[in-house]
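Only one structure is covered here, and it is reproduced in the block below.
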Amino acid sequence: MIAARLYKKHGQYTGFAVSGHADSYDENSEYDLVCASVSSAVYLVCNALTEGFGGCRAFQGESEITLEVDENSESIQLLLQGFAQHLREISAQYPQNLTLEETPHAQT
């Protein structure tokens, strides 16, 4: 299962952490579409925020990727809001493969 945690402080996204694997293989496919959907969104947001906007740092471990927002802006918040909505929709459709937690606490 993929676990996604979105961090907020004072109503603003401050980062996220996504870990695990969806294990949602279909008997008719060799591809894990849930994992591919989440991974694609994570990499898109990380690349846009670290290389495009700047002011953010991403860290990749063996099975986890974490993003921290250092310099906030309206554009960064809009992108993170869209990312959060995307994950909510995937989680609603595939609750057995993706858990999503939004915490009001700042990332430590």
Give me a count of the residues in segment 83-108 that are outside any helix (DSSP H, G or I) and more than 16 Å from residue 11 (Cβ to Cβ). 9
Scan segment 44-77 for residues that are charged (D, E, K, R), free of Cβ contacts under 8 Å to residues at least 12 places away in the same chain and either touching a helix residue (DSSP H, G or I) at 6+ places or on another chain (Cβ under 7 Å) or under 20 Å from residue 12 (Cα atoms) (or both) and jot them down. 74
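Working carefully through the options 84, 36, 41, 17, find the one that is surrounded by 12 or more Cβ atoms within 10 Å (Cβ to Cβ), over 10 Å from the mean Cα position of the chain (by Cα) and either at pLDDT below 95 or of a type in the set (Gly, Ala, Ser) (or both). Walk me through it before giving the result.
On the way: 84 fails: over 10 Å from the mean Cα position of the chain (by Cα); 41 fails: over 10 Å from the mean Cα position of the chain (by Cα); 17 fails: over 10 Å from the mean Cα position of the chain (by Cα).
One residue alone meets the criteria, 36.
The values are calculated or read from the model by the stated rules, or taken from the named source; none is laboratory data. Predicted model only: the values in this text are computed from it and were never measured. We place every Cβ from the backbone using ideal geometry, glycine too, and count neighbours over all the protein chains shown.
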